[in-house]
Amino acid sequence: MKAEFENYHETSKNYDNTRVPIGTEILLGCFASNPCPLQEQTILDAGCGTGNYIRALDGKVGMLVGLEFNEGMLTQAREKFQNNPNIRVDLGSLLDLPYEADTFDGIMCNQVLHHLNTEKADQENFSPVRRMLAEAYRVLRPQGVLVVNTSSHPQLFDGFWWADLIPAAVDRIARRFPRLELLVSMLEESGFNFRGNIVPLNSVLQGGNYLDSKGPLRKNYRDGDSTWSLATNEELEHALERVRTMNEDGSMARYLEARETLRRNIGQTTCVFARKDEKLS
Ligand SMILES: C[S@@+](CC[C@H](N)C(=O)[O-])C[C@H]1O[C@@H](n2cnc3c(N)ncnc32)[C@H](O)[C@@H]1O
């Protein structure tokens, strides 16, 4: 197994304090485009982490299956759902899905794509992402829906207020995110019918803690986004110094407002919606 750039064995313990599921109404709307009624659908959460999105969809679809390869995350998710007969969490990799063909009515893959491209050599070709899409296509039933919840490059730079403090780290993480146009062409090459991009403009991944002007000074706040783990010590120190100074000299409120004006226009995440439709001959 390849090394992860974020240590999820550690951050899994704090993950639910730093992240909330967003765009779940978009996910449900996309899944509802499948002729099979939502209450009869079996949905895979590919890279489910601690199971936040599973919990948000619990009771709204028939059956939910989480797949996760990090044992810290997996343990948290299994503890949450141990008494729920409609939820199961499996150990395994998105690159080699441990399921037969035509198993699921829908698949969601929330904020995972950038964790697949760990090797430098993969970063231009995005071969793990291509492989994940081929696997998703294989395990979906005909007319099954795939929603990839990711971020566009402009969202990475301007959808997170503090991204401006660590631009080199954002640049590094952006190389792990396929641009949306490339993702769409990879989806089509895998056989999917691309249906559209939908942005939850009014939600942030960090929930109510997002606008904490001193948040970046605390490690548990920074643990909520893997971009921070790509900053060098020097870059981090420089960013924290700016945060301290702006809080002290009273310029932070204006700075946050300027950053928020950008975010409100582009959002933090994009749901890329595709379907396994019949091929037109
Ligand atoms: C940023 S977290 C997102 C977790 C969850 N989807 C959410 O949005 O709350 C990324 C997750 O993807 C998992 N992951 C990364 N690569 C994976 C792979 N190849 N197979 C299974 N899980 C993977 C990581 O362990 C981590 O839990």
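The values are calculated or read from the model by the stated rules, or taken from the named source; none is laboratory data. This structure is a prediction, so every number in the text was calculated from the model and none was measured. Please note: Cβ atoms are built from the backbone with ideal geometry, for glycine as well, and neighbour counts cover all protein chains shown. Remember, those area values only see protein heavy atoms, side chains included, never the ligands or the DNA or RNA. Shrake-Rupley method; radii C 1.70, N 1.55, O 1.52, S 1.80 Å.
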In Å and whole numbers, how far do the C-alpha atoms of the chain stretch along each principal axis, longest first?
62, 44, 35
How large are Rg and Dmax for the range 155-219 when calculated on the C-alpha trace, in angstrom?
15.4, 46
Sort 138-145, 54-61 for me by packing, meaning the mean count of neighbouring Cβ atoms within 10 Å per residue, highest on top.
138-145, 54-61
Net +/- balance of residues flanking ASN197 in space, Cβ distance below 13 Å, scoring K and R +1, D and E -1:
+1
Long-range amide H partners of GLY66, meaning residues 5 or more apart or on another chain whose placed amide H is closer than 5 Å, are ASP45, ARG88, VAL89, ASP90
Counting Lys +1, Arg +1, Asp -1, Glu -1, what net charge surrounds LEU133 among other residues with beta carbon under 12 Å of its beta carbon?
+1
Working from Cα positions, state the angle (0 to 90°, nearest 10) between the long axis of helix 180-189 and the longest principal axis of the chain.
20 degrees
Can you compute the label reach from GLN143? Point 7 Å from Cα along the Cβ direction, backbone N cut-off under 12 Å, restricted to the range 244-281.
276-278
Carbon plus sulfur, as percent of the 1.4 Å-probe accessible area of the range 136-281, comes to 51 percent
Using modelled backbone amide H atoms (1.01 Å from N, in-plane), which distant-in-sequence or interchain residues come within less than 5 Å of SER152's amide H?
THR270
List every residue whose amide H lies under 5 Å from the amide H of THR103, counting only residues 5 or more places away in sequence or on a different chain, with H placed 1.01 Å from N in the peptide plane.
LEU140, ARG141
Roll a 1.4 Å probe over the protein chains and send me the accessible area per residue for the range 12-77 in Å².
35 Å²
How far apart, in nm, are the 7 Å Cα→Cβ label points at ALA101 and GLN82?
3.9 nm
Which residue, ASN149, ASN83, ASN265, has the most motion in a Gaussian network model of the chain that connects Cα atoms within less than 10 Å?
ASN83
Table column - 3J(HN,Hα) (Hz), the range 145-161, Karplus curve with 6.51, -1.76, 1.60, x for Gly and Pro
10, 10, 10, 9, 9, 9, 10, 6, 4, x, 5, 4, 7, 10, x, 10, 4
Just how large is the dipole of the range 66-116 about the Cα centre, in debye to the nearest 20, putting +1 at every Lys and Arg Cβ and -1 at every Asp and Glu Cβ?
240 debye
In the chain, lysine pairs closer than 26 Å at Cα, eight or more apart or cross-chain
9
Extending each Cα 7 Å along its Cβ direction at LEU211 and THR245, get the distance between those two points in nm, one decimal.
2.5 nm
Antiparallel DSSP beta bridges within the chain, as percent of all bridges there, nearest 5
35 percent
Wrap a convex hull around the Cα atoms of the range 195-255, take a quarter of its surface area, and give that in square nanometres.
5.7 nm²
Out of every Cα-Cα pair in the range 44-118, what percent are more than 20 Å apart?
24 percent
Computed label-point distance, nm, for sites ASP164 and GLU189 using a 7 Å Cα→Cβ extension
3.7 nm
Just the number please: accessible area per residue for the range 186-241, 1.4 Å probe, all protein chains included, in Å².
51 Å²
Tell me the mean residue ellipticity at 222 nm calculated for the chain from its helices only (DSSP H runs of n ≥ 4, each -39500 (n - 2.57), averaged over every residue, nearest 500).
-11000 deg cm²/dmol
Give me the percent of Cα-Cα pairs in the range 129-281 that sit more than 25 Å apart, rounded to a whole number.
39 percent
In what sequence, highest mean first, do 248-257, 193-202 appear when ranked by Cβ atoms within 10 angstrom?
193-202, 248-257
